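Structure record follows, encoded as structure tokens.
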There are 2 protein chains.
Amino acid sequence: MDREKDESYALTEKKENFSEWFNQIIQVAGLIEHRYPIKGCEVLMPHGTDILRRSTTLLEEMLKENGNKEVVFPLFIPENMLKKETEHIKGFEDEVYYVTHAGKNQLNEKLVLRPTSETAMYPMFSLWIRSHKDLPLKIFQTVSVFRYETKMTKPLVRTREVMFFNESHTCHKDWEDAEKEVKEASLIYSKHISENLAVAFIASKRPKWDTFPGAVHTKAFDIIMPDGKFMQIGTVHNLGNNFSKTFDIKFKDENEEEQYANQTCYGMSTRSLAAIVAIHGDDKGLVLPPKIAPIQITIIPIMFKKDGEKVLNHCKDLYARLKKNYRIHLDASDKAVGSKFYDWEIKGIPLRIEIGPKEMEKNVVTITKRFDGEKSTISEKNLEEFIENMLDNIQHDMRRAAEYRQKEKIQKAIDKEDVNRIIDDKKIAKVELCEDANCAKKLEEAIGENYMGDDKTKENSKCIMCGQQSRYTGYIGKKY
Amino acid sequence: MDREKDESYALTEKKENFSEWFNQIIQVAGLIEHRYPIKGCEVLMPHGTDILRRSTTLLEEMLKENGNKEVVFPLFIPENMLKKETEHIKGFEDEVYYVTHAGKNQLNEKLVLRPTSETAMYPMFSLWIRSHKDLPLKIFQTVSVFRYETKMTKPLVRTREVMFFNESHTCHKDWEDAEKEVKEASLIYSKHISENLAVAFIASKRPKWDTFPGAVHTKAFDIIMPDGKFMQIGTVHNLGNNFSKTFDIKFKDENEEEQYANQTCYGMSTRSLAAIVAIHGDDKGLVLPPKIAPIQITIIPIMFKKDGEKVLNHCKDLYARLKKNYRIHLDASDKAVGSKFYDWEIKGIPLRIEIGPKEMEKNVVTITKRFDGEKSTISEKNLEEFIENMLDNIQHDMRRAAEYRQKEKIQKAIDKEDVNRIIDDKKIAKVELCEDANCAKKLEEAIGENYMGDDKTKENSKCIMCGQQSRYTGYIGKKY
């Protein structure tokens, strides 16, 4: 099923052509099959599915800890429901898919495939919520969403079926409680991206004109890709009571007075897999952080004719022993050792254990880290303790390396020429801006690239556009 | 979010009107929300999602053990791909949904929403399989499938979006190897249904005219519902090389000769949740088998003004202790104790632990089994051991009870009048038949109900239709 089995290929170097490298690596590592005959729709292959399932499960556990309950809403949304929220539909009308026929019949009402689930869920929320005692209401689902992308599609990055889309939706008694939820959700996403995916990110408040359709404000989590463009992988929105007024989500407060609920929603998708590939991968293939690697360790027996059976049995014993604590695979196939090394390296498995007659004799194993290629010879006796430390260190080091590389990709700009130069240099420009949103808008127009968003400044500086006292630190760059 | 919160209701008795009872119970127990505004599409609520996720995970673990790898294929299938296999499309053309428009554009080619994934997957298989070394190829996915049901829809039983549809697809070097896979898959399904769901079933080979469109033969797993109708919850098909010839799935065998692959596919869906509800539920609500219960134990503190705090703290300690080994919930809400009992009974949680001042004083707990209402007072000291046994026993007893009730629902018929009488009596008729498939067909036509299928007979008897020596034991009854 994997490309490497039957095709010889030479990988493009990551530095040389990142985009080509990315497209190759996701195929040869067995993440996706790009030959499915519909544009923007790919097959998620076993290794890709395993990684996404694992990272989604880690995210879902945090959401459950936060009180969000899992549900599954139907894929179909009646067209009139989607069109109820005018701001919202403006944001999606060009990219929704319509089901118009079934069997030999034309449907009475067109059905829309969810591009996101606000308009599917919120009419139900209005049935479920009566009293302040029903609040907060917090749910999530992990489903495919569908967007008819007109821009060039790219596997895992811009697809027409977005798989493993994890969306949460919450209702609260007031604005403050919704703001608290925004903070908690942001904390969960920050933790997930940095601690599980081991990736660095920029969190910023999107400018007004780039806020989620129907939301009051949008906080975004962006990754800076190796080519210097930023890629949004998660967003957290405070919807205020825009949707609750449209969908009539009301409750009686403690004084028996009717109030509209305040809402939030937040989501993260397959792009998290794209981030892992792009940020950690190298010219040998994927490099997976131990926490989300479906297999953490492969054991490769080094067998010669003499004692081959003995080595294999020894490896089987070790496999049985380590299986209790780790996700582990024993590669007992009849492939050549070099080819096994090669395959598991491409797949990015964090640790490789080799055992041959020499190791067996001395009761040691040879361990190689995929992350930096470092080899160690370790006594079998304290193996678990050693592996435990090693996996922790790899996870930590990968995150640090990602943070370091992100730092290199962000550069401070003091004027517009500077911004242009930095973006030309495949980086993101960091700028100081005043309170006037027009300055951000003017900057975006002057540069012709995307203003990502901003956060309150920690500096005493001047606005890059008007020279007034700066209030915000913003980011501008090329966008995925 | 749950109906019981804000509406008073009286449940219909299961015996009195099974269908109404079923429709009520799945709402009040928080499994589904039926008010979603599209016919045949329901919201899967948190409790329903948790049960299905758990039971699906148990099934998926067995499939992985069997070597099936998880993938996710796109939802969209190009119309021309669906129409390639003539037998197959005949079976589905009346019930597929078509996407014809996206945004403001009409699509060049109509896209079909998967009713099942043969025609999405098999063109890819033909790219992946080259040599006998690529075989067997075994994959599965758990996704929603879409069928425009024209019959009356019923939540969890006949829906237009079938959620948590678990479908496996395999390719083999020859017919024998495919038959071996059919046996293994059947074993997995048998195990899952009886050991995890604790439900009894009839496994039979469907008659020729009811075989899956495009398959050589179909083995079905049917549940007999309390109203005496049978409901199919899983099927295993040997596709022979029908599809591989259409989709050009070929490989070079060990003699370098080109061969068409032999294929199987098998699936199971949300109907497994319907079976659990229908078979185990009673007039107080759901009764969940411990293996698939999202919560196995609820702790209810019995608090009076005096010592209330003490009791609660004691319950918290016990919760922390039992959490290590069990899926457990401490209900510390301010609802009345009776209302708590009621809620957790409706949800079918296997064990309830009550602790009040009396229990605390004696270092005991009161445990009540949901399955049979039996109460025990148990020393806190050996609680884990006791619970372990209890959960095992409940799982076992529930399965035995289901088997016993199934036995009562199947009755042997010696002639056509007998068949009619048995079906009128809300049971399934068991008949002996000869080798001639026409006899089964004639029986079905004469009775006007569904011939489910058969298995080799163990009896020395006569065919119910022609009087020849019987070869098969078959089943006939009303169908869901």
Review point. Do any chymotrypsin sites (Phe, Trp or Tyr not before Pro) in region B:245-327 lie in a DSSP loop with no more than 10 other beta carbon atoms within 10 Å, and if so, which?
Key: B:304
Point to revise | All aspartates and glutamates inside 15 Å of residue A:323 as judged from Cα atoms, apart from same-chain residues fewer than 8 positions distant | key: A:331, A:380, A:384, A:385, A:388, B:65
Check your understanding: Full extension from residue B:253 to residue B:17: what is 0.36 nm times the residue separation minus their Cα-Cα distance, to one decimal in nm?
Key -> 79.1 nm
Practice item. Calculate the tail of P(r) for region B:297-392: the fraction of all Cα-Cα distances greater than 24 Å, expressed in %. Key: 13 percent
Practice item. Provide the descending list of Cα extents for region B:3-280 along its principal axes, expressed in whole angstroms. Key: 71, 51, 32
Check your understanding: Between residue A:69 and residues 5 or more places away or on another chain, which pairs have amide H atoms under 5 Å apart, with H built 1.01 Å from N, and which residues are they?
Key -> A:138, A:139, A:140
**Study point:** Exam field: residue B:375 pseudo-label spacings to other copies (7 Å along Cα-Cβ), nanometres
**Key:** 7.0
Check your understanding: Taking a 32 Å limit on the Cα-Cα distance, which of the listed pairs A:151/A:205; B:151/B:430; A:245/A:426; B:14/B:335; A:180/B:375 fall beyond it?
Key -> A:245/A:426; A:180/B:375
Review point. Using modelled amide H (1.01 Å from N, peptide plane; none on Pro or chain starts), what sits under 5 Å from the amide H of residue A:217, excluding residues fewer than 5 places away?
Key: A:238
Check your understanding: In terms of Cα to Cα distance under 14 Å, which aspartates and glutamates are near enough to residue A:306, apart from those fewer than 8 places away along the same chain?
Key -> A:361
Revision key, fill the gap. Unit-weight point scatterers at every alpha-carbon of region A:45-116, Debye formula, q = 0.11, 0.14, 0.28 1/Å: log10 I(q)/I(0) is -0.48, -0.71, -1.14
Revision key, fill the gap. So the FRET efficiency between residue B:376 and residue A:104, C-beta based with R0 = 45 Å and rounded to 0.05, is 0.15
Check your understanding: How would you rank B:184-190, B:34-40, highest first, on the average number of other Cβ atoms within 10 Å across their residues?
Key -> B:184-190, B:34-40
Review point. Just counting partner chain Cβ atoms within 10 Å, what average do the residues of peptide B:138-148 show around their Cβ?
Key: 3
Revision key, fill the gap. Rg (one decimal) and Dmax (whole number) from the Cα set of region A:222-369, in Å, equal 25.5, 84
Study note, to complete from the structure: About its Cα centre, chain B carries a charge dipole, from +1 on Lys and Arg Cβ atoms and -1 on Asp and Glu Cβ atoms, whose size in debye to the nearest 20 is 640 debye
Revision key, fill the gap. Rounded to one decimal in nm, the spacing of the 7 Å Cα→Cβ label points at residue A:335 and residue A:412 is 4.9 nm
Point to revise | Using θ = phi - 60° and Karplus 6.51 cos²θ - 1.76 cosθ + 1.60, couplings along region B:239-256 (whole Hz; Gly, Pro as x) | key: 8, x, 10, 4, 6, 5, 6, 5, 9, 6, 9, 10, 8, 8, 7, 5, 9, 6
Practice item. Measure out, as a whole number of angstrom, how far apart the alpha-carbon centroids of region B:211-236 and region B:33-75 sit. Key: 19 Å
Revision key, fill the gap. Along principal axes, largest first, the alpha-carbon spread of chain B in whole Å comes out as 82, 59, 49
Study note, to complete from the structure: Looks like region A:411-477, by Cα gyration tensor root eigenvalues a ≥ b ≥ c and the a/c under 1.5 rounded cutoff (else prolate when a/b is bigger than b/c, oblate otherwise), is prolate
Point to revise | Shielding by other protein chains, B:64-74, mean Cβ within 10 Å | key: 6
**Study point:** Residues residue A:325 and residue A:191, FRET efficiency given R0 of 30 Å [Cβ-Cβ distance, rounded to 0.05]
**Key:** 0.80
Check your understanding: Could you give the alpha-carbon Rg of the protein assembly as shown over 2.2 N^0.38 Å, rounded to two decimals?
Key -> 1.00
Exercise for review: Report, for residue A:195, each distance to the same residue's label point in the other copies, shortest first and in nm; define the point 7 Å along Cα→Cβ.
Suggested key: 3.6
Practice item. Output, in nm with one decimal and in ascending order, the distances from the residue A:252 label point to the matching label points of the other copies (7 Å from Cα along Cα-to-Cβ). Key: 7.8
Check your understanding: Picking from A:132, B:289, B:439, whose Cα lies most toward the positive end of the charge dipole for the protein assembly as shown (charges on Cβ: Lys, Arg +1; Asp, Glu -1)?
Key -> B:289
Point to revise | Sparse-neighbour loop sites [trypsin sites (Lys or Arg not before Pro); region B:375-476; at most 13 other C-beta within 10 Å; DSSP] | key: B:381, B:458
Exercise for review: For the pairs B:219/B:458; A:39/A:427; B:90/B:219, note any where the Cα-Cα span goes beyond 24 Å.
Suggested key: A:39/A:427
Exercise for review: Pop the C-beta distance of residue B:39 and residue A:57 into the FRET formula with R0 = 35 Å and round what comes out to the nearest 0.05.
Suggested key: 0.55
Revision key, fill the gap. Filtering GluC sites (Glu not before Pro) in region B:221-273 by DSSP loop and by at most 12 other Cβ atoms within 10 Å leaves B:254, B:256, B:257
Point to revise | Average other protein chain Cβ within 10 Å of Cβ, residues A:104-113 | key: 3
Point to revise | Dipole moment magnitude, nearest 20 debye, region A:297-393 about Cα centre, only Lys, Arg, Asp, Glu C-beta charged | key: 240 debye
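Readers should treat all values here as calculations from the given coordinates under stated rules, not as data from a laboratory. Just so it is clear, the model here is predicted, and its values are computed rather than measured. We place every Cβ from the backbone using ideal geometry, glycine too, and count neighbours over all the protein chains shown.
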